[in-house]
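Each remark here refers to the structure printed beneath this line.
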Amino acid sequence: MDLSAVLNELSYLQSPSFLPRERFDEATEHAHVFRRACRIQEDVTQERVAIRGVYLLREDPNSRTSTSTPVVYVAEAESIRGADEIHKRVWNQDIVPFLLVRIPEGLRLYSGFTYKEPGQGTDKQRGVLEALVKFDEVLSCLGDWHASAIDEGRLFRARGADIDAKTRLDWKLLGNLEKLGQWLTREKPERKKLDRHVANALIGKFIYLKYLHERDILSARKLERWGVDISKVFGRKATIQETRRLIKFVDCWLNGSIFPIPFAGDLAPTTDHLREVASVFMGDDYVDPDTEVRQLHLDFKAYCFSYIPIETLSVIYEQFLSLEGKAKQRDRGAYYTPIPLVNFMLAELEELHPLGDDTRVLDPSCGSGAFLVQCYRRLIEREMRQKNGRLRPSELRDLVVRHIFGVDRDRDACHVAAMSLALTMLDNIDPPDLESSPTFKLPSLIGKNLFQDDFFDPSSTFRQSLGGQKFDWIVGNPPWVEVKHVDTLDDDEADDEDPPDADDDVADDDAADDSGVASDEHVTRWMHARRTTHPVNGNQVAEAFAWEANEFLSTSGKAALLIPAMTLFKQGKTFRSRFFSQVSTHAIANFANLRMDLFRKVKPAAAALFFGQKAVSPERPEDVITYSPLLINQETTRPDVQGARTKRRETWTITLSASEIRRVSGRALTTGESLPLKMAMWGSPRDEMLLQSVAKRCPTKLSGYAKRMRGRDLGGDSYACKSSAGIELKTFAPNAITHVVLAAHDHLPELIGKKALFPKSLDDLNRIYAFPNSAFRVLGQDDVYLRKRGGKAGLEVAHPPHVLVGGARNFAVFSDEFIVVPSRQIGIAGPTEERKRLIALSLYLNSDFAQYYEFFMSPQQGIREGRSTLNTLGELPFPFADLSDEKLALWEDLHRAFVAATPVRWVGAEPDADSTQGKQMGLFDAPVVDKDSESLLVLEKKLNEMVGDILGLTEMERWLVEDLVRVRRHLVDGAVGKPAIEPPSVEELQQYADVLRRELDAFITEAAGLRHEVRVIHDEHSAMVQLDLRPAKQIKRAVDVLRADAPVARKLADVRAKMVRETPQWLHFDRNLLLYEGSKVFLLKPLQRVHWLRSQALMDADEIITETLNAEDVT
Amino acid sequence: MTMTSQSRAVQKQSANRGTFWDSFVAKVHLLLSLGYQHLCQTKGAMALTSEEEPTITGFLVTCMQEMKDRVDWRLFIEDDPPLNDDGRKGRSRPRIDIQVTKVGRGIQPRFQFEAKRLYTKKSEDKYLEDDGLQALLTGYYAKGVRDAGMLGYVQQDTPDEWAEKIRKKLDANRLGYGLDPSKDCWSQRNDESNLEHSFSSHHPHCSRPITVHHTFLLCHG
């Protein structure tokens, strides 16, 4: 069976998603990687090997700007050995997760993300997924790699575990570099330990040299011309002298030194150090010369540096350098941008402002140049398309010199960026050693295109060289750090934009650390000087970058910056309101839900902001496109759900699903409110209406009620109604009490013997309506030191009657006992006459509506599992303010029922009734709520009904509340909770269809005499809805739910098959696929509950109405 | 695929478009009817006798907004909004008197009304010429939609009289107004809005086919 037959069997040849090697250039952002793969034959001389094609996920095969995700390389070799050689190089490319190689005996299947040298470990550990598949077994053994399996996501569900981030090249190389660094900096009897900075420089330099050598940039003829003996650089015979000679030539040739190594002085590495590193890079194990014991096995033989994409290498460099001072990097807020995210942002930018002949790109915080390298690649690809062929070296040089600019405070990062751009250039020159272009000089980028500067330094070289110039693309991932002391600067200091004198306390050189990183002085001054015109919240540096980037944008230019997602949601809204008013915001991509999987180690919630300069007369801002992907919709990386635990996978690609794209009113954004963006992420205009109408129906807020009660003269020792965060009590042993302690704390003997809430004990409990005894600790003499700074206000809410609310919003319990409320928890207390109202409040806070309301109003909720704040609680509508005693009694009855329903099971050892010690030890002596208790579920249903009634919620509004709290909320922060992803029941499908029909019919004028007929057919994975607008009289059965294999569903199943044929990768790119055909509308979705909620039916109806109104008449 | 390319409307074809538009137009006119009734109840038609067009429009829009939930909460009503068609920016953008938008995901469908006072002989021309009906026919307003509205604020005589005057003028110059020479150009609107003086004229032969809904509201005592 030849390869064509195999491809035919897998249906690749018939698919527009399969790119044969002749068409690799069509996948713009991966073309350079694919082209390199085509040259494997040059390195594998013993037999014929070749990459023949690649299967992609791509939404629009006809678009050149469209992003794509490579899934399977298809290759040919003459033997297993040849196939293994291809595998090694594909793993080094770190882009394509699977590799299928045809050999004469059959097919071998590899993981593109796992590799070990032959002979090391099992086939699986080496990344061999199928050692040999006979030609007559292709479909039975490789069914998961069939085109339809990739298109429909079956491959990722079945074999997702084979895409393992931990075995990918970048993780492995970084791990090896770390180990080598640790090895060199360890004290050894036979040699001195190496300074960490020097060790890193030595390693960095060797990666660089190795890379140049393997890419044939340091070709044999070049080395010969220089008279360098390469065996004295790489390998056990390495000498300092020869290495220095080579470095000197290279530095001179490539315009500058990166990772300078001090070859003289105390810190200088010895020949032993050099040989250890050189041996490792040659793939040798380091063997102790005395004992001949293998001491360091790093398996560098696995690496083919000529196949590692430059952008991958520069990110590895940057990560590696950051290890030098982890704390320092975190302080500087430097988070490394994953390459899929870089590509996502640049594709968007190209759509907004296509690269042109004069486009100038600036990255004001370029780091090691991940964005700049990819921009440069896009420019090269564009130019090659225009010229229909390769570019001359001078053309490549002009491209980088004319178009690419970057700034970074970190010296090493700047040099890595310069190196990466130079290597990208050489990557496109054949031969890359430039020996055929003797007059060609590589550009000197440092100081001309790349500046080791502070972007905010008014006297920086960058500003002196390029100040006043404008850029068409501004890209990057600025530091996410909050600077201090902005408010303490006086105006004179802030206005002083001249460089500090040598006598100044904080001179640049003093402020710079050993990596050349200056302090935050300039941005601090910038923030202070512009605090009224360009405000930032929380002194967030990324926000200052966004402001300043706008100043550098050309009139039609566009910026794409990665900022903390919390900038969009945090309480302070001055930045949002001013920034969105003063720029023209085009789009916001909020990656908060992918944070756990998109980033390594540090897991920041990130958002990409796309903006340009505001039009001259901005009266009516245009709508802003938003995209907030849920992990559940990332079919390629969505974790499996097996039992209660989920295994997370690193996001190796981002697929953009159209169903997650929304529009937000530009005008709404200019208010600075975070609600419109929260709605775009989790809600709909209907949710917005719900919040507005509840506010109208119930104008009293909880804070307003508390205020009203405070105004009353209660007399005696009654406490006014008060809500407060708790108090911070400290425990000091008698011998630890010093005058410092006493100065900072008040001793409160009146609290001795009282109960204090111990919220940690409630962590694992769901909603509770009464406290178990383990929830308290009894305060002793040493435990009652109150921090003066926190104040005593929180003490008032310890008095009953009161409601205690968990800061993590895991409980709201009414109590008649005196209980001290610790800090970060919330207490709401009132006079005895308000007892019933407080009971009602405690139940209300446990209702779905309260959680729904807080979800939208709290800054953090929906981004991460957020905490409740007094402010958010205070905003809750309070429907009990004027409720009669008679009606309040109903709530009191319900509360009683809740408390009575709780004794279901004991947790831990059952307490001995006679023992008081048991209680003090914290054993439960009160029942623990069983959240699955049927009686509790019934009571909760009743509670939600009572809350709905008292707030006057309509039926539809109740669906919105219930669906968010019970289902959608299980997807927050990249969760894939069962309630959201399980298949819906037939009854739920029926409900969905019914709501959809009712909603659409409600729009259609009665005069038309037409109504919708709805059919749903489903299998295990997806379902299709057919809507047919027909004369009302002809409709016998308005809603029907059928299984796809039912005989009556055959016709519909055919339509569904046709729909899938026409849009084979719909599951990746549009999980709410709509098709219009005559008077019928078809809707295809995955069979996951979250897509079949009644609230979703309302949204789908809205979408169908809008799309139909915008459609054309059938011709 | 990018967010921007995805958000651009992909023009689909649907046989239901006509029914949906008729329903949308009916809803808009029901809202207009309720808003006008509310205006008459709160201010009285007499109070509008000598008001300028923008003032009456302002009152009417406020009343329509108050009635919105009785028709469809997804309708968004604007008074004198600038239009972002044609790529014009800032103050050079045209402004329509009333715009009703159907709120939802994606490109939002809208229905636009141009309003004119009807009180002197010249009013007829103003209603029909460049700033009035012609602006809808040429696509200066209501670009890319199949239906739009004209509002006549009748400050003298009766709505029926003005409707007849307008009809005659249209009939007299069918070619100029892009009307079908062989068909009746003017028909009474008939939907759940129950507006008394509401008519439709269909213009298949102007820059693009459009149906204009003319409603005459009594604005004097």
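The values are calculated or read from the model by the stated rules, or taken from the named source; none is laboratory data. Computed from a predicted model, the values in this text were never measured in an experiment. Please note: Cβ atoms are built from the backbone with ideal geometry, for glycine as well, and neighbour counts cover all protein chains shown. Protein only, heavy atoms only, side chains kept; ligands, DNA and RNA dropped before computing areas. Shrake-Rupley method; radii C 1.70, N 1.55, O 1.52, S 1.80 Å.
A compact table of results
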| item | result |
| --- | --- |
| Selection status of B:D125, open to solvent by 20 Å² or more (accessible area, probe 1.4 Å) and in a loop (DSSP other than H, G, I, E, B) | no |
| Single match in A:R81, A:R108, A:R89, A:R102 (criterion: over 28 Å from B:M3 (Cβ atoms), touching a Pro at 6+ places or on another chain (Cβ under 9 Å), not β-branched (V, I, T) and not in a loop (DSSP other than H, G, I, E, B)) | A:R81 |
| Every residue from segment A:192-218 that is more than 34 Å from the chain's Cα centre (by Cα) and open to solvent by 10 Å² or more (accessible area, probe 1.4 Å) | A:K192, A:K193, A:D195, A:H213, A:E214, A:D216 |
| Candidate set: segment B:196-221, residues that are touching a residue at least 40 places away in the same chain (Cβ under 8 Å) and of a type in the set (A, V, I, L, M, F, W, C); chosen: the one most open to solvent (accessible area, probe 1.4 Å) | B:L218 |
| Answer residue from segment A:66-97, given it is within 14 Å of another protein chain (Cβ to nearest Cβ) and β-branched (V, I, T) and is farthest from A:I308 (Cα to Cα) among those | A:T67 |
| Cβ pairs under 6 Å, 6+ apart, first in segment A:1064-1078 and more than 10 Å from chain B (Cβ to nearest Cβ) and within 19 Å of A:Y12 (Cα to Cα), second part of a helix (DSSP H, G or I) and modelled with pLDDT of 85 or more | A:P1064/A:D151; A:Q1065/A:D151 |
| From A:L1084, A:L1067, A:L1109, A:L1075, residue being more than 30 Å from the chain's Cα centre (by Cα) and crowded, with 20+ Cβ neighbours inside 10 Å | A:L1109 |
| Only one of A:R767, A:R789 that is closer than 30 Å to A:A901 by Cα and either in a loop (DSSP other than H, G, I, E, B) or touching a helix residue (DSSP H, G or I) at 6+ places or on another chain (Cβ under 9 Å) (or both) | A:R767 |
| Residue match in segment B:42-49 (condition: touching a residue at least 24 places away in the same chain (Cβ under 8 Å), open to solvent by 20 Å² or more (accessible area, probe 1.4 Å) and at the interface with chain A (Cβ under 7 Å from one of its Cβ atoms)) | no |
| Condition check for A:S915: farther than 20 Å from A:A706 by Cα, of a type in the set (S, T, Y) and modelled with pLDDT under 95 | yes |
| Breaking point among (1) away from chain B (no Cβ under 14 Å); (2) touching a helix residue (DSSP H, G or I) at 6+ places or on another chain (Cβ under 8 Å); (3) not in a strand (DSSP E or B), for A:R23 | (2) |
| Criterion (at pLDDT below 90 and within 30 Å of A:A975 (Cα to Cα)) met by exactly one of A:S703, A:S684 | A:S684 |
| Residue satisfying condition, being acidic (D, E) and within 13 Å of another protein chain (Cβ to nearest Cβ), within set B:D80, B:D97 | B:D80 |
| Single match in B:S193, B:S182 (criterion: out of contact with any Gly (no Cβ under 9 Å at 6 or more places or on another chain), among the hydroxyl-bearing types (S, T, Y) and open to solvent by less than 60 Å² (accessible area, probe 1.4 Å)) | B:S193 |
| Listing of helices (runs of 4 or more DSSP H) fully contained in segment A:159-228 that carry 1 or more residues being within 14 Å of A:E276 (Cβ to Cβ) | A:169-184, A:196-214 |
| Matching entry among A:G389, A:G406 (being outside any helix (DSSP H, G or I) and free of Cβ contacts under 8 Å to residues at least 24 places away in the same chain) | A:G389 |
| Qualifying positions in segment A:495-532 - in contact with a helix residue (DSSP H, G or I) (Cβ under 8 Å, 6 or more places away or on another chain), at pLDDT 85 or above and of a type outside the set (D, E, K, R) | A:V523, A:W526, A:M527, A:H528, A:A529 |
| Some residue of segment A:1092-1101 being away from chain B (no Cβ under 12 Å), assigned to a helix (DSSP H, G or I) and at pLDDT below 95 | no |
| Segments classed as helices (runs of 4 or more DSSP H), wholly inside segment B:1-75, with at least 2 members that are farther than 27 Å from B:S123 by Cα and among the charged types (D, E, K, R) | B:17-42, B:53-71 |
| Unmet requirement for A:D1054, which otherwise passes all of (1) without any contact (Cβ under 8 Å) to a residue 24 or more places away in the chain; (2) charged (D, E, K, R); (3) open to solvent by less than 50 Å² (accessible area, probe 1.4 Å) | (3) |
| The one condition in (1) assigned to a helix (DSSP H, G or I); (2) under 15 Å from A:Y705 (Cα atoms) that A:L843 fails to fulfil | (2) |
| Close pairs from segment A:340-354: first within 7 Å of another protein chain (Cβ to nearest Cβ), partner among the acidic types (D, E), Cβ under 8 Å, at least 6 apart | A:A347/A:E29 |
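For (1) within 14 Å of chain B (Cβ to nearest Cβ); (2) within 14 Å of A:K1080 (Cβ to Cβ); (3) of a type in the set (D, E), each residue gets a yes or a no:
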site: A:L1000; (1), (2), (3): yes, yes, no
site: A:F1003; (1), (2), (3): yes, no, no
site: A:E1013; (1), (2), (3): yes, yes, yes
site: A:H1018; (1), (2), (3): no, no, no
site: A:V1025; (1), (2), (3): no, yes, no
site: A:D1028; (1), (2), (3): yes, yes, yes
site: A:L1042; (1), (2), (3): no, no, no
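Listed here are the residues, each with its yes/no results for (1) modelled with pLDDT under 90; (2) closer than 17 Å to A:L349 by Cα; (3) within 14 Å of chain B (Cβ to nearest Cβ); (4) out of contact with any Leu (no Cβ under 7 Å at 6 or more places or on another chain).
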| residue | (1), (2), (3), (4) |
| --- | --- |
| A:W547 | no, no, no, yes |
| A:G557 | no, yes, no, yes |
| A:L561 | no, yes, no, no |
| A:M566 | no, no, no, yes |
| A:T574 | no, no, no, yes |
| A:T585 | no, yes, yes, no |
| A:A608 | no, yes, yes, no |
| A:A615 | yes, no, yes, yes |
| A:R620 | yes, no, yes, yes |
